[in-house]
Amino acid sequence: TSGNVGIGTTSPSATLDVTGKSVANNDASLKIRNGTSINNEAAIELYPNLLTAATATGYRAARIFADFTSDSYTGSRLNFQTTTSGNTLVDAMTILSAGNVGIGTTSPDSELHIATTSPVLKIDESEATSAAAILKFDSDRASATAGIANIQIYNNGGTPAVEIIAKRGSSDIAG
């Protein structure tokens, strides 16, 4: 009567309610596969309801997919896409199996790789208090460089234009 569908439950509480067994042994409550096609990803596409029935033509807003980064199944990625006007998918964020996260790139080569024509990293303190926004670089390694944080700002040629090296108890600025 509610229109809800349940898998593994007789009283679904959502449009699709999937109740599985424990996931302690890497068992999944929900599996999405690409079928029998080779070299295709498994994907979820999101189609929100549009404002009027006249424009409800099935435009997708986003897509999330997983696939392998090589034919030998040695690495995988999780990719998040959003759409532009015209229903064209564009890559928004990629997470590789090594943990690298790319925003604006599907091939992040560091832990966080942001690629865009006008890159800006914004840290905004949004509370109405006197708290400050903080960008913290922390080095807790037990090595000769422990306690050293290094910030480099590069010019167009790839040469460091400004370098800030912070050591315990002092800091040096070059550039």
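The values are calculated or read from the model by the stated rules, or taken from the named source; none is laboratory data. Bear in mind that the values here come from a model prediction, so they are computed numbers and not experimental data. Quick reminder, even Gly has a Cβ in these numbers, built from the backbone with ideal geometry, and neighbours come from all protein chains shown. Surface areas here come from the heavy atoms of the whole protein model, side chains and all, with no ligands, DNA or RNA. Shrake-Rupley method; radii C 1.70, N 1.55, O 1.52, S 1.80 Å.
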Carbon plus sulfur fraction of accessible area for the stretch 66-119, probe 1.4 Å, in percent:
54
Simple spin-label model, 7 Å along Cα-to-Cβ: T105 to L16 in nm?
3.4
Could you tally the net charge around T82, taking each other residue with its Cβ under 14 Å from the Cβ of T82, Lys/Arg +1 and Asp/Glu -1?
0
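Provide the packing ranking of 111-118, 6-13, i.e. peptides ordered by the mean count of other C-beta atoms within 10 Å per residue, highest first. Present the calculation step by step, with values, prior to reporting the outcome.
Values: 111-118: 10.1, 6-13: 11.6.
Going by the mean number of other Cβ atoms within 10 Å, highest first, we get 6-13, 111-118.
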Return the distance in nm (one decimal) between the two label points of a simple spin-label model at N34 and A61, each offset 7 Å from Cα along Cα→Cβ.
2.7
